[in-house]
């Protein structure tokens, strides 16, 4: 009886190990695919932007990664569909960023004097 329990436990361990290995392989494949897509995206962006524009986008990415991701996605779509007529230069990038950036709110502090009668 103890021998059967040991065999059953060994089989369970073996199945669990195989499941974990399969899961690891799937995760590695997904990660490789994401890296390949990111590489393709970066290659497209290098081809459609001037070095100054890429540099500006990189600086903005540290503060607003969501905005930059959206801009990159739009530029790649335009480039792949052939609707981008020229390279994106620094001025064009400034315009894009100004349109896409969240609006700044002006904060005004009003101090009210004490009632002096």
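The values are calculated or read from the model by the stated rules, or taken from the named source; none is laboratory data. Keep in mind the model is a prediction, meaning the values are calculated, not measured. We place every Cβ from the backbone using ideal geometry, glycine too, and count neighbours over all the protein chains shown.
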Review point. Which condition does residue 4 not pass, out of (1) in contact with a helix residue (DSSP H, G or I) (Cβ under 9 Å, 6 or more places away or on another chain); (2) exposed (fewer than 10 other Cβ atoms within 10 Å of the Cβ), if it passes all the others?
Key: (1)
Exercise for review: Using the structure shown, decide if residue 72 is in contact with a helix residue (DSSP H, G or I) (Cβ under 8 Å, 6 or more places away or on another chain), in a helix (DSSP H, G or I) and either at pLDDT 90 or above or at positive phi (or both).
Suggested key: yes
Check your understanding: Can we say residue 86 is free of Cβ contacts under 8 Å to residues at least 40 places away in the same chain, farther than 19 Å from residue 101 by Cα, out of contact with any helix residue (DSSP H, G or I) (no Cβ under 7 Å at 6 or more places or on another chain) and not in a helix (DSSP H, G or I)?
Key -> yes
Exercise for review: From the list 27, 93, pick out the single residue that is modelled with pLDDT of 95 or more and assigned to a helix (DSSP H, G or I).
Suggested key: 27
Revision key, fill the gap. Looking across the stretch 47-69 at residues that are touching a residue at least 40 places away in the same chain (Cβ under 8 Å) and outside any helix (DSSP H, G or I), the single one that is farthest from residue 96 (Cα to Cα) is 50
Revision key, fill the gap. Residues of the stretch 69-110 being in contact with a strand residue (DSSP E or B) (Cβ under 9 Å, 6 or more places away or on another chain) and more than 10 Å from residue 49 (Cβ to Cβ), in sequence order, are 96
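Just to be sure, is residue 82 over 14 Å from the mean Cα position of the chain (by Cα), surrounded by fewer than 11 Cβ atoms within 10 Å (Cβ to Cβ) and at negative phi?
no
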Practice item. Assess whether residue 8 counts as being in a helix (DSSP H, G or I) and more than 19 Å from the chain's Cα centre (by Cα). Key: yes
